[in-house]
Amino acid sequence: MTLATQGDAGIWAAAVFYVNDSLTLYFLSSPGSRHAQDLARNARVAVTIQRDYDDWPQIVGIQAEGEAVEVAGDERTRARSLYGDKFPLIGSAGSATGAIAQALAKVRWYRFTPRRLYLIDNSLGFGHRDQLDCAPA
């Protein structure tokens with residue numbers, strides 16, 4: 001997914017790998033990255049998720065706005081487990097070895113909670129977009 005943040009240096013976009021738990025998305029990043037530093041100051045973000053299409057009428061994707069925050073404790077453990085299930089290269093919690101284990105020891109885990117989602121589906125008409133309000137009642 002592409003994550004867009006806002007910080008002292010302005011707006012920024014970064015590609016991150018993610019795993020979903022229903023509408024909640026988890027991702028990891030280096031705490032020194034520009035987007036992680038932005039998140040430490042401002043949790044409001046936007047994301048997009050889509051494949052790379054060469055046939056515009058077939059484009060399907062998601063645009064969303066919400067908040068992204070660092071997670072810890074049991075939620076961090078759950079995010080790590082979900083991530084390991086989706087990306088077998090990193091293994092299940094605690095089973096990564098070598099360079100992967102070293103890299104994972106340096107990252108932070110984040111949760112994106114959408115407030116509003118837009119589902120894009122050009123197969124239903126060019127520019128077709130449905131909105132889903134995810135904000136708590």
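Every number here is computed from the coordinates shown, using simple stated rules; none is lab data. Since the model is a prediction, treat every value here as computed from it, not as a measurement. A quick note on method: Cβ atoms are made from the backbone with ideal geometry, for glycine too, and the neighbour counts reach across all protein chains shown.
So the values come out like this:
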| read-out | value |
| --- | --- |
| For the range 64-80, 3J(HN,Hα) per residue [Karplus equation, 6.51 cos²θ - 1.76 cosθ + 1.60, θ = phi - 60°, Hz, x = Gly/Pro] | 8, 10, x, 10, 10, 9, 6, 10, 9, x, 4, 5, 4, 4, 5, 4, 4 |
| Net charge of Cβ neighbours under 15 Å - reference Ile59; Lys, Arg +1; Asp, Glu -1 | -3 |
| Phe112, Phe87 arranged by Cβ crowding within 10 Å, fewest neighbours leading | Phe87, Phe112 |
| Neighbourhood net charge (15 Å Cβ-Cβ; Lys/Arg +1, Asp/Glu -1) for Arg129 | -3 |
| Hydrodynamic radius of the range 97-137 per Kirkwood, over alpha carbon pairs, in Å | 13.8 |
| Fluctuation leader among Asp21, Asp85, Asp52 - the chain, Gaussian network, Cα springs under 10 angstrom | Asp52 |
| Residue order, fewest to most beta carbons within 10 Å, for Lys86, Lys106 | Lys106, Lys86 |
| Over the chain - Rg/Rh using Cα atoms and the Kirkwood inverse-distance radius | 1.00 |
